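The values are calculated or read from the model by the stated rules, or taken from the named source; none is laboratory data. Quick caveat, the model's predicted, so the values are computed rather than measured. Using ideal geometry, Cβ is built from the backbone for each residue, glycine included, and neighbour counts are taken over all protein chains shown. What goes into the accessible areas is simple: the full protein's heavy atoms, side chains included, and nothing from ligands, DNA or RNA. Shrake-Rupley method; radii C 1.70, N 1.55, O 1.52, S 1.80 Å.
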Amino acid sequence: MARNGVFSRRRSEKIDGFGHLSPSDSHDVHVLAVDDSLVDRKVIERLLKITSCKVTAVDSGRRALQFLGLDEEKRSVDIDDLKVDLIITDYCMPGMTGYELLKKIKGSSTFREVPVVIMSSENVLARIDRCLEEGAEDFIVKPVKLSDVKRLKDYMFGESGIVVENEHRVIQNKRKLQDLSDDDDASSPPSISSFPPSPPPSISSSPSPSPLSSSSPSPPPSYSPSLLDSPTRRLKMTN
Amino acid sequence: MDGVVQLQRQFIDYTTSLYEEKYLDEQFRQLQQLQDESNPDFVVEVVSLFFDDSERILNELANALDQQSVDFKRVDALVHQLKGSSSSIGAQRIQKMCIAFRNYCEEQNIEGCLNCMQQVKNEYSLAKNKLETLFKIEQQILAAGGSIPVL
């Protein structure tokens with residue numbers, strides 16, 4: 001997968017390396033997909049493969065943790081060999097919900113830097129907010145479309161990964177410090193094509209590499225277009 | 001070849017009607033986009049999985065609704081599964097029926113649930129027939145050496 005200079009530098013200059021697993025130039029993006037629905041697993045697997053990702057699909061949060069070696073009772077792989085670049089999980093699952101899985105992943109020193117994306121058929125604001133607060137990178141409303149997966153891969157691992165950690169940190173900090181603002185002029189990450197882009201507050205939009213902040217290299221959160229189209233959602237976006 | 005052209009026309013008309021009558025929605029088109037030379041049977045495979053899964057769910061639903069004391073949470077959970085999978089393949093009418101069904105579950109309205117159960121079964125049968133017919137026309141086109149029109 002082709003990478004531009006900025007992207008590579010960003011990945012290699014992570015300062016607080018908590019074992020963040022980033023795709024090396026020599027292998028495809030490896031996604032762990034978690035969904036209890038057989039139909040949905042087949043679809044998401046195909047969506048990911050068609051966008052050149054390697055996929056491991058499991059049917060429960062428990063199995064996901066086992067795969068990652070986070071299940072106390074069972075280990076399926078040697079952690080050193082494991083490179084998961086993205087975890088995409090359904091929200092509503094029997095046993096462990098996607099939200100609970102998210103918390104477990106974010107609570108793990110090995111995997112907390114791995115971006116986690118939540119999928120749900122239910123477009124419930126409270127649910128979305130809860131997931132984002134807990135550290136989810138994105139929230140996709142089902143049914144998942146090719147454009148959703150392309151956008152995801154693109155902003156996390158592709159050319160437009162130029163959008164640097166600065167913005168992410170600003171958004172994260174703001175979210176922690178205050179309630180989501182009612183500011184209607186909320187900026188959106190440049191990767192959303194369906195949302196009129198307004199420039200994010202603290203980012204230079206020049207293509208040349210900007211100095212990196214000392215935060216973990218995670219992409220800024222963005223929302224699937226169906227969310228952005230909803231006026232309520234727009235009101236609640238932070239800048 | 002007249003035969004192929006006729007079949008292709010039939011395919012186009014039939015597909016168009018399925019979308020117009022809301023048996024299928026945009027998500028089905030999405031699935032078709034995911035099919036290519038390397039995965040030529042993708043749509044049929046997913047839809048087959050959907051059929052198997054739905055039949056399992058419908059059986060479990062019938063069972064759950066047949067109980068002396070109906071566990072509405074369980075019924076709702078099953079309908080939620082069916083709603084999800086039908087949405088994922090673009091089977092819009094089934095999906096919409098599931099939404100109504102879940103409302104009755106929430107109200108713990110047994111009559112409403114039984115009614116919806118019947119309707120969901122009907123919608124499922126219809127969708128199954130229609131999709132199988134569609135796949136049959138596709139097979140006929142391919143057997144006659146033609147290609148399947150992209151809509």
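Key figures
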item: Condition broken by B:Leu61, with the remaining ones in (1) under 13 Å from the mean Cα position of the chain (by Cα); (2) part of a helix (DSSP H, G or I) satisfied; result: (1)
item: Search result, residues across the stretch A:115-162 that are in a loop (DSSP other than H, G, I, E, B), modelled with pLDDT under 95 and of a type outside the set (Asp, Glu); result: A:Ser121, A:Asn123, A:Val124, A:Gly158
item: Selection count where residues are open to solvent by 50 Å² or more (accessible area, probe 1.4 Å) and within 12 Å of another protein chain (Cβ to nearest Cβ), scope the stretch B:49-59; result: 2
item: Search result, residues across the stretch B:88-109 that are open to solvent by 60 Å² or more (accessible area, probe 1.4 Å) and either acidic (Asp, Glu) or more than 30 Å from B:Val43 (Cα to Cα) (or both); result: B:Asn103, B:Tyr104, B:Glu106, B:Glu107, B:Gln108
item: Which listed residue, of B:Asn103, B:Asn59, B:Asn122, B:Asn109, is out of contact with any helix residue (DSSP H, G or I) (no Cβ under 9 Å at 6 or more places or on another chain) and at pLDDT 95 or above; result: B:Asn59
item: Any hit, the stretch B:22-29, residues being more than 10 Å from chain A (Cβ to nearest Cβ), open to solvent by 40 Å² or more (accessible area, probe 1.4 Å), in contact (Cβ under 8 Å) with a residue 40 or more places away in the chain and not in a helix (DSSP H, G or I); result: yes
item: Some residue of the stretch B:60-75 being within 30 Å of A:Arg46 (Cβ to Cβ), loosely packed, with under 14 Cβ neighbours inside 10 Å and more than 9 Å from chain A (Cβ to nearest Cβ); result: no
item: Residue match in the stretch B:12-19 (condition: more than 9 Å from chain A (Cβ to nearest Cβ) and outside any helix (DSSP H, G or I)); result: no
